[in-house]
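K.L.:
Before I ask anything, let me first share the structure, which is written out below as structure tokens.
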Amino acid sequence: MTIYGDSISGNCLKVKFVADRLGLPYDWVEVSVLKGETRTPEFLAMNPAGQVPVVRFADNGVLAQSNAIMLHLAQNSDLIPDDAFERALMFQWLFWEQYSHETAIAVLRFHKFYLKKSDGEIDPALPVKCAKVLTLMNQHLEGRSHFVGAKLSLADIALVAYTRFSHQAGLDLKQYPDVRAWVRRIEGELTIEHAEA
Ligand SMILES: N[C@@H](CCC(=O)N[C@@H](CS)C(=O)NCC(=O)O)C(=O)O
């Protein structure tokens, strides 16, 4: 398969993390969002939404949306809980990640770190939303090693993708010690470098 992704994007890295973890072979085609490469006619013909990640499979099937891609790649693997209720909890976190988490932390990071906007140019509601997201995560992780059950699932991979870049959004994870420890734990399990180092 071919993964079309931008290596600065947590959404794209989710797909890489799952493929690497499961030992699935792939070619990575770098598509720069900042250079407008998701807006070319060729790219839009593949994904009319003009977004990465996108995966093209050997049979030419094309799939977009990071969490849909992760779910497809991880089917029949231990990244998806066997237990039906735990699986539903994993979905609960995947949907929350897309609606509440990614729209806060990834957006604030993009404005601050990539578009270099000053605090005055950023919607003041955004850091407030990020603090709520991290507080909720910290409460959930108190006394837990993972988001669902006691082992790595797609919920951890989806949520760690942007949480590990919190510092680039100007958010200090020291205020959220259980989140901080969990980020380290999941980065260790995925054998990826600590993003804040
Ligand atoms: N919900 C989508 C979001 C994808 C997304 O926002 N991709 C960004 C990079 S992280 C992108 O391609 N942006 C380019 C654009 O919107 O022009 C997913 O999870 O895959």
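What follows is calculated from the coordinates using simple rules that are stated; it is not laboratory data. Here the structure is a predicted model, which means the values were calculated and not measured. A quick note on method: Cβ atoms are made from the backbone with ideal geometry, for glycine too, and the neighbour counts reach across all protein chains shown.
K.L.:
Return the sequence-ordered ³J(HN,Hα) values of segment 45-60 in whole Hz as given by the Karplus equation 6.51 cos²θ - 1.76 cosθ + 1.60 applied to θ = phi - 60°, using x for Gly and Pro.
P.N.:
With coefficients 6.51, -1.76 and 1.60, one gets 5, 7, 9, x, 6, x, 10, 9, x, 9, 10, 10, 8, 4, 8, 6 Hz.
K.L.:
In what sequence do GLU102, GLU121 fall when counting other Cβ within 10 Å, fewest first?
P.N.:
GLU121, GLU102
K.L.:
Return TYR114, TYR26 ranked ascending by Cβ neighbour count within 10 Å, so the fewest neighbours appear first.
P.N.:
Numbers: TYR114 12, TYR26 17.
With the fewest neighbours first, TYR114, TYR26 line up as TYR114, TYR26.
K.L.:
Then there's this: Among DSSP beta bridges lying fully in segment 2-73, give the percent that are antiparallel, nearest 5.
P.N.:
Roughly 60 percent of the beta bridges in segment 2-73 run antiparallel, per DSSP.
K.L.:
Okay, moving on. Taking each pair of distinct Cα atoms in segment 2-73 once, what is the resulting Kirkwood hydrodynamic radius in Å?
P.N.:
With all distinct Cα pairs of segment 2-73 included, I get 12.1 Å.
K.L.:
To make sure I understand the rule: partners must be lysines, Cα under 19 Å from the Cα of LYS112, and not fewer than 8 residues away in the same chain. Which ones qualify?
P.N.:
Within the straight-line limit of under 19 Å, LYS112 reaches these lysines: LYS35, LYS129, LYS132.
K.L.:
Now, a different point. Summing +1 for each Lys or Arg and -1 for each Asp or Glu, what net charge is found among the other residues whose Cβ lies under 15 Å from the Cβ of LEU34?
P.N.:
Summing Lys and Arg as +1 and Asp and Glu as -1 gives +3.
K.L.:
Cα centroids of segment 1-65 and segment 162-189: how far apart, whole angstrom?
P.N.:
25
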